[in-house]
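Enquirer: Dumping the structure here so I can ask a few things about it.
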Amino acid sequence: MEQFISVSGIAAPMMQINIDTDQIIPALYLGGTDAKGYGAHLFANWRFLPDGSPNPDFILNQAPYSDARVLLADRNFGCGSSRERAPKAMREFGLRAVIAPSFGGIFFNNCFRNGIVPVALPIDQVKQIVQAVEDSKGLIGVTVDLQTKKVSLPDGLSFDFDVPETLRQMLLLGIDEIDQTLSYREEIDSYREQDIKRRPWAYLAPTVDIPS
Amino acid sequence: MQQPQTFFDKVWSDHVIKTMGTDSVLLQIDRLVLHELSGSQAVRALAEANRMPMSRGQVFTVIEHLISTRPGRGPIDSVSVSGPSMIEGTRVASKKWGFNFIDYNDPRQGIAHVVSTELGIAFPGSTLVCCDSHTSTVGAVGAVAWGIGATEAEHVLATQALVQMRPKTMRVNFNGQLKPGVYAKDMILALIGKIGANGGIGYATEFAGSAVRSLSVEGRATLCNMSIEFQSKYGFVAPDDITLAYLNGREFSPKGQAWDQAAKYWRSLPTDDGAKFDLEIDIDCSALEPQVTWGTSPEQVTSIDGLIPDPSTQKDSEARLEAQRALDYMQLKPGMSLLGVPIDVAYIGSCTNARLSDLRAAAAILKGKKIKPGIQAVCVPGSTPVKRAAEAEGIDRIFIEAGFEWHESACGMCGHIGDNRFANLRTISTTNRNFKGRQGPQTRTHLASPETVAASAIAGCITRAQRS
């Protein structure tokens, strides 16, 4: 995982409910197995006009929000498709955190694996942050600190948030999750030895040999 | 005496390898299903990290997301620009690693979630994951199944396990019996309308009640399929006689003595009397009418005889704004009747509603009729076995004579991957998402049951099926 301790920067309000991952990156741009190359298509249908030029009405095309590090949204952000290119596209664009009342569950998990912290705050607190951002014409920095689990603004406004502790630790330390799990190999093997006696039908031997 | 447990409690605790801190566990994964759109990313990442799959017999790959549905399709045909390389990449990797591979021309091919129950890849009490949010579909056979990202899939490939937070539990009791012409699709749309597209965040949902017990595994699949549309990652129906009868004899189901042993265990899994859920919801099915969506979220839904609501009647200011944006996109006005709204496209397909019972329900409406001239009508069966079974019954002839196109099985036009044929058009569709642009640029999608879609294709507008 990409390490995340704290981020401060421009926050872009996109206060809509149910922003789905088809909007974050349309299926048309999911092609390829590369780890990168998706940031250019972030919010493609909102960010660009049909002729491909930037849509001047879209917030991420407007200064200072075009440099946003943090996104502010309403409930159920990232609902819909499991596509991991959604947080990948956000990360490539430069976003490191999303603050919203709630998140689609698959998207929520995918964020941690792509260097983005999904911060759940009650809607009235999100609205207070939006108000402060808009009052400053977007110029104030919003800080998301995973160490202290606080969102703070320069005027002293500050909100505590909670994230799953296991994922938080992995992000703070930038742990490789697969390496960590493989370090439990003995426990995995011992579970499987017991389980195969109890539920033999759950285990399938490979049906084909791997060509050498 | 042991505390009464829910079905989910039992399956979850059976799969815990170890606890991780206070909120997560390392969970054994019984089945990993990959497809060429996102599974290919996981396979590539694994190879680049120089890691080996831990238990390749438990891994399945299916070609279904990007492959063309065109009759006579070839091995890399796709409307997606990167489709050919992703299909071929998945094929090569599957053979290299020796996964259980179902290619485009395999007689077992189809949409992963349809194939997973048809072949008995999913089974009661199993944990099954796939890089697709509709993986919960296979909860129809009592699997605990959910969609994951490609990085999580790479983790499963390498460890056959996944770090997961324990969700809360919800039970939705669909009580009473459905009227004729009302289907599982109408049940799930009505539920989403009631609790909202965010109503299930953080929950695993058990579907129960007399109306669910009466559903076939295929109907249960439609219910479980759309649990992610109210943001419950997991949706399932605990196993019963219908489940076991369905699974007996399937390719990957246990056989002989092993079947007896498995069946005994599976029968111990249903929720105990008195078990506690974090949330219970009751829906009266006897009064339920066919449902059709009017907006750009599955929560924006009403009975087919209903009027498009005034945004001012939505529950809060955010929902009111969203309703207005949805109506603008859908080119609809508050107070309009949904009945009679002209459609351009009728689409029957997807992991939601393209199984044999769905095609039969549509065929019963289409038999001896013609669709309205000018309408594009497309049927994409959920799997190749479904297609073959439908053809054996003459259902393909009914569709074709009515004016439908009859396609090969795949995910097709449920999502827009490059074919613009539905651009700027209004569709009525048996799929699961009416998001903006989901079926094409500016495409306006209304979700409904196969029966409603078939009736609307004939009328050329949103119509309630006339039942004889």
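The values are calculated or read from the model by the stated rules, or taken from the named source; none is laboratory data. Not measured: the values here are computed from a predicted model. Virtual Cβ from ideal backbone geometry, glycine too; neighbours counted across all protein chains shown.
Enquirer: Restricting the search to region B:73-105, which residues are within 12 Å of chain A (Cβ to nearest Cβ), buried (at least 17 other Cβ atoms within 10 Å of the Cβ), out of contact with any strand residue (DSSP E or B) (no Cβ under 8 Å at 6 or more places or on another chain) and in a loop (DSSP other than H, G, I, E, B)?
Expert: B:V79, B:S80, B:S82, B:G98
For every residue, the table says whether it meets (1) of a type in the set (A, V, I, L, M); (2) touching a residue at least 24 places away in the same chain (Cβ under 8 Å); (3) outside the structural domain of B:T117 (by TED's automatic domain parsing).
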position	(1), (2), (3)
B:T22	no, no, no
B:G39	no, yes, no
B:R51	no, yes, no
B:T61	no, yes, no
B:V81	yes, yes, no
B:M86	yes, yes, no
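Enquirer: Right, another one. Looking at region B:18-29, is at least one residue outside any loop (DSSP other than H, G, I, E, B), among the small types (G, A, S) and surrounded by fewer than 21 Cβ atoms within 10 Å (Cβ to Cβ)?
Expert: Among the residues of region B:18-29, at least one is outside any loop (DSSP other than H, G, I, E, B), among the small types (G, A, S) and surrounded by fewer than 21 Cβ atoms within 10 Å (Cβ to Cβ), which makes the answer yes.
Enquirer: Identify, please: which residue in region B:106-134 is more than 8 Å from every other protein chain (Cβ to nearest Cβ) and assigned to a helix (DSSP H, G or I) and is, among those, surrounded by the fewest Cβ atoms within 10 Å (Cβ to Cβ)?
Expert: It comes out as B:E118.
Enquirer: For region B:252-272, give me each residue that is away from every other protein chain (no Cβ under 11 Å) and assigned to a loop (DSSP other than H, G, I, E, B).
Expert: Within region B:252-272, B:R267, B:S268, B:L269, B:P270, B:T271, B:D272 qualify.
Enquirer: Of the conditions (1) surrounded by 20 or more Cβ atoms within 10 Å (Cβ to Cβ); (2) part of a loop (DSSP other than H, G, I, E, B); (3) not aliphatic (A, V, I, L, M), B:F399 fails just one. Which one is it?
Expert: Failed condition: (2).
Enquirer: Sticking with this one: Would you confirm whether or not region A:162-169 contains a residue that is away from chain B (no Cβ under 12 Å), modelled with pLDDT of 95 or more and not in a strand (DSSP E or B)?
Expert: Within region A:162-169, not a single residue is away from chain B (no Cβ under 12 Å), modelled with pLDDT of 95 or more and not in a strand (DSSP E or B).
Enquirer: Can you pull out every residue in region B:298-320 that is over 13 Å from B:I188 (Cα atoms) and within 13 Å of another protein chain (Cβ to nearest Cβ)?
Expert: Answer for region B:298-320, where residues must be over 13 Å from B:I188 (Cα atoms) and within 13 Å of another protein chain (Cβ to nearest Cβ): B:P311, B:Q314, B:K315, B:D316, B:S317, B:E318, B:A319, B:R320.
Enquirer: Go through B:G340, B:G335, B:G295 for me and flag whichever is within 14 Å of another protein chain (Cβ to nearest Cβ), in a loop (DSSP other than H, G, I, E, B) and under 30 Å from B:N424 (Cα atoms).
Expert: B:G295
Enquirer: Look through A:I188, A:I178, A:I196, A:I210 and report the one residue that is closer than 25 Å to B:E154 by Cβ, within 14 Å of chain B (Cβ to nearest Cβ) and part of a loop (DSSP other than H, G, I, E, B).
Expert: Sole residue among the options that is closer than 25 Å to B:E154 by Cβ, within 14 Å of chain B (Cβ to nearest Cβ) and part of a loop (DSSP other than H, G, I, E, B): A:I210.
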